[in-house]
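I have placed the structure first, in the form of structure tokens, so that the comments after it can refer back to it.
Bear in mind that the values in this text are calculations on the coordinates, not laboratory data. All figures in this text were calculated on a predicted structure; none of them were measured in a lab. Quick reminder, even Gly has a Cβ in these numbers, built from the backbone with ideal geometry, and neighbours come from all protein chains shown.
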Amino acid sequence: MLYNVENFASHFFVLGDPLIYGADVSIVLVSLAIVFVLTYYKKWGWLWREWLTTVDHKKIGIMYMIAALLMLFRGGVDAILMRTQLIMPNMPFLKAQHYNEIFTTHGTIMILFMAMPFIFAMMNIAVPLQIGARDVAFPYLNAISFWLFFFAAMLLNLSFVIGGSPDAGWTSYAPLAGLTFDKGPGENYYLLALQITGIGSMATGINFFVTIMKMRAPGMTLMRMPLFTWSILAACIIIIFAFPPLTAALTLLLMDRLAGAHFFTIFDGGNPMMYVNMFWMWGHPEVYIVVLPAFGVFSEVVATFSKKRTFGYASMVASLIAIAVISFFTWVHHFFTMGAGPGVNSFFAVATMIIAIPTGVKVFNWLFTMYQGRIRTKLPMLWAIAFIPNFAIGGASGVMLAVAPADYQFHNSYFLVAHFHQVLIGGVVFGMLAGMYYWWPKMFGFMLNERLGRIAFWFFNIGFYVCFLPQYWLGWMGMTRRIYTYLPGMGWTFWNIISTFGAYLMGVGFVFIVLQILYSIRYGERDLTGDPWDGRTLEWSLPSPVPHYNFARIPEVTGRDAWWTMKEAKQKGEMQPELEPLKPIHMPNDSGRPFILSVLFFIFGFGMVFTWYPMAAVAFIGILLSLILRSFEYDTDHTLSVDEIRRTEAAYGRV
Amino acid sequence: MMQKRTGTYTLIAALCATLFLLPGCGEQVLVFHPVGPVGQVEKQMIILSIVMVSIVVIPVIALLWVIVVRYRDTPDNPTPYRPEWSESRTLEFLWWAVPIVIIGVLGFVTVQKTFALVRPPGKVINPLTIQVTSLDWKWLFQYPGQKIATVNYCEIPANRPIEFVLTSNAPMNSFWVPQLGGQEYTMPGMAMKLWLEADQPGVYFGSGANFSGEGFSHMHFHVIARPQSDFDHWVQRIKSTAPPLTTQQYAVLAQRTIVQPMSFSTNQPGLFEKIVSQDGGMYMRRDLMKGKVNTHVGTD
């Protein structure tokens, strides 16, 4: 009996690694600290009422952003550990298995639990405000999306200390990720966490697609929409079409692992190549899902901080749509070396190169938005300016990779690693940080400290080039990705030292961002105008932070850059239209069920990971029950009285 | 002031340049030092693509620099400010057209070379076939013509096209010898062909390029190219000195281990075909029946 318990515990908990014991201790301490602080300041009720049960898109956006920053920290620590291991040949810091787990979670977390929630954060915060809506189309579903993502992220992170992390790479190729070669629960964690967060992503895609199509303020035609909203529309269309293949691939692989099926095994008629195809049918569009919103942020930021209309608006929209469509015809470029044949390779090589055309057009349009403008290098603009050379180089190396015969030499090497980090950091992370700085006053009502932000910017930006440019070189020198150690005498050591140093600089940059936020929470300048950047779109017409009903009166839109037009009209002393009388506002009720439903999903996932089916079954019944209860819920919304709206508006000094 | 800053930038640029050139475009930058026709073609494609993308990238960075310096929001900035100017047919035509032309040219050459690389390099005079199997975590090379086998190293005659036939009896890997040419996947149940050739004798670094588990980092090997007569001597020496590759020996090799280079005086006829057919080789059944697995072009 005692032996059984011991045996179970030694498999259940990850033992024998000081780093993991450190993680155990810190998880327990942080949890205790959170519980203590919440209890001491009597904040449990506040947490439940204001955050856990909210269906307000702005609060959901803020929670997405905090979660994304936490995950950026976790993925960043992974990166620092890996770079430390690679600083010297034969480095004794991490063992192979541990290194494999770290690069797997680094990739998975950065794409699915950092980049995705960060774009969801930005779209939640800005889209309804930009189109003059009071909330998203399905606020309750929006809360479900967030909590599913959150608990999926917790599930994946739990694997680090309980059961062991996935270790087959973020792509999790079968048969390596199949049961024959990977027994432990790690891969189950990966499959279930991705599946659960995938449901949330799909729901968000549908939610925002409907919001943008149906809830625009009167007068806001599609061709008057801000470009950020356009980019989200394009991203949502990709989400809706790209996630089903991933869902299918994950389900089939899970059936292989849990039910002994043979979809992707190498025996009994399985076909692992099918997994690779299905994964990238989602995987390639996925990179556009995360980068298009970043393009959208840059379009807003560049126009605002150049005090100029966006150059070539129609081209910008056309290129977003073109990228969204072509992104579905490029997936094979992730495995030109699988021998699909010259015809197939040629098609996908050319399709991939074609994406560079609309992307290049966007870059030139940003440049000419700045041309003959008046450029203010505030923090959001600084990141936008830094993005352009970065993305130009990253895009160029992308075109180089698309040249199939050249790709035979780049594939799986550090050249590839350098390329996708350059577009994902230089594009997505820079874009999301620009967005965070840009909309921060709108979210919280105070400004972030410029000085600390600039220090962070320079550390991160210079660190980026120091870290990743040498990796292009390392790829040409024959260094392949995902190796945890290498031999001296290849000439790799020098460049690895530089690259690791660059990673440390980026780490310092991140620390300064955290310092900047903490400092500004205490000393940050209040934003009393609601329009600190002299903005052009409707969100800047509202006070900061925005009241929960957003618009006391839904605005009438007469052109592109709606808020800019209104401000100009006012400046010219044109007749202001008579203010309509306030009307009662119809708002959705808060609900605790999305949170509870997602906890049940977490328990279901955990049960499936360890194949504890009774636990999974109970949780699954709970999930069904929650859905049924919701179907019979009739009291789902309430009405704000005119008095209440008037009081709130008065508190902001806007009557 | 401006003068001094330009000086500083030049200095920084010069420093960066030397930093990159210091360890040099030396021989260690393998992709740029190909020793065979396949690697040569790929190197040309890399250089062509660098030139083509530079046509856009360099002007973009230069333009950004000029624009950000010139149009700053300072009270006495004398440059024109046109907040409403947002359309120009000519300019937009220019930056739709130029990338289309660049991609057109690059795409055309890419398609041409993609088809070219499926065929053997140069004239095929008496090619040598080597059957490559990636195992956990080692490389098995079988020489059906010479009836020998090696592990974690392979010898080839220089100036003779080599037909590598690739498979795996473990998770997918990728066979990459940068100086000879680009990589191709080794996959269970598939036998795919990769043509390579070495122009000159030498020792070339090769490695598994696709992650295959715990011992993956140790899956590197050397390809040793020798003149034909030396190669023949080497084959004779292996035949007379090395142990045979028995079924038991293969079973030991197939286990998940990391091993040193080994040589075997026999090659187990039919072993390669067996590996392909047991691991889902039904996709290749047609070819197996015709005894064509050696000549199957994985890329058709």
Note, A:SER172: beta-carbon cut-off 12 Å, +1 each Lys/Arg, -1 each Asp/Glu, net -3
If one takes the longest principal axis of the Cα atoms in chain A, at what angle in degrees, from 0 to 90 and to the nearest 10, does the Cα axis of helix A:430-444 lie?
-> 40
For region A:342-493, give the magnitude of the charge dipole about the Cα centre (Cβ charges: +1 Lys/Arg, -1 Asp/Glu; no others), in debye to the nearest 20.
-> 500
Gain in span if fully extended, B:GLN248 to B:PHE93, counting 0.36 nm per residue against the direct Cα distance | 48.9 nm
The Rg/Rh figure for region A:26-72, Cα atoms and Kirkwood Rh, to two decimals is 1.03
Per-residue HN-Hα couplings for region A:233-250 [Karplus 6.51, -1.76, 1.60; θ = phi - 60°; Hz; x = Gly/Pro] | 4, 4, 4, 5, 4, 5, 4, 4, 8, 8, 6, x, x, 5, 4, 5, 4, 5
Can you bin the protein assembly as shown into rounded, prolate or oblate? Criterion: square roots of the alpha carbon gyration tensor eigenvalues sorted a ≥ b ≥ c, rounded for a/c under 1.5, prolate for a/b above b/c, oblate for the rest.
-> prolate
Could you work out the mean count of beta carbons from other protein chains within 10 Å of each residue's beta carbon in A:386-394?
-> 3
Non-local amide H neighbours of A:ASN449 (under 5 Å, H modeled in plane, Pro and chain starts lacking H): which ones?
-> A:SER520
Given H placed 1.01 Å from N in the peptide plane, which residues other than close sequence neighbours of B:THR186 have an amide H under 5 Å from its amide H?
-> B:ASN173, B:SER174, B:PHE175
Ordered by residue, what ³J(HN,Hα) values in Hz, to whole numbers, does region A:219-225 give under the Karplus form 6.51 cos²θ - 1.76 cosθ + 1.60, where θ = phi - 60° and Gly and Pro are x?
-> x, 8, 6, 4, 7, 10, 5
Which whole number gives the average count of other chain Cβ atoms within 10 Å of the Cβ atoms across peptide B:44-55?
-> 5
Cα-centre dipole for the protein assembly as shown with unit charges at Cβ (Lys and Arg positive, Asp and Glu negative), debye to 20 | 1280
Among B:ILE258, A:ILE498, what is the fewest-to-most ranking by other Cβ atoms within 10 Å?
-> B:ILE258, A:ILE498
With a ≥ b ≥ c taken as the square roots of the eigenvalues of the C-alpha gyration tensor of region A:1-42, please select rounded if a/c is under 1.5 and otherwise prolate if a/b is larger than b/c or oblate if it is not?
-> oblate
Neighbour-count ranking [beta-carbon atoms within 10 angstrom, fewest first] of A:THR247, A:THR104 | A:THR247, A:THR104
Anisotropy class of region B:128-290 from Cα gyration tensor, a/c 1.5 cut | rounded
Under-5 Å amide H pairs with B:LYS193, H placed in peptide plane, nonlocal only = B:LEU166, B:GLY298, B:THR299
Estimated [θ] at 222 nm from DSSP helical runs (n ≥ 4, -39500 (n - 2.57)) normalised by residues in chain A, nearest 500 = -22000 deg cm²/dmol
Fraction of antiparallel bridges per DSSP, the protein assembly as shown only, in percent to nearest 5 | 75
Quick one: if you stick a label point 7 Å off each Cα along the C-beta vector at A:PHE8 and A:SER631, how many nm between them?
-> 3.7
Among B:LYS113, B:LYS138, rank each residue by its count of other Cβ atoms within 10 Å, from fewest to most, as a rough exposure measure.
-> B:LYS113, B:LYS138
Tilt relative to chain A, helix A:186-214 - C-alpha long axis, 0 to 90 degrees, to 10 | 20
Using θ = phi - 60° and the Karplus form 6.51 cos²θ - 1.76 cosθ + 1.60, what ³J(HN,Hα) does each residue of region A:80-97 get, whole Hz, x for Gly and Pro?
-> 5, 4, 5, 5, 5, 4, 8, 4, 9, x, 6, 5, x, 6, 10, 7, 3, 4
Find the centroid of the Cα atoms in region A:487-519 and in region A:10-84, then give the distance between the two in whole Å.
-> 24
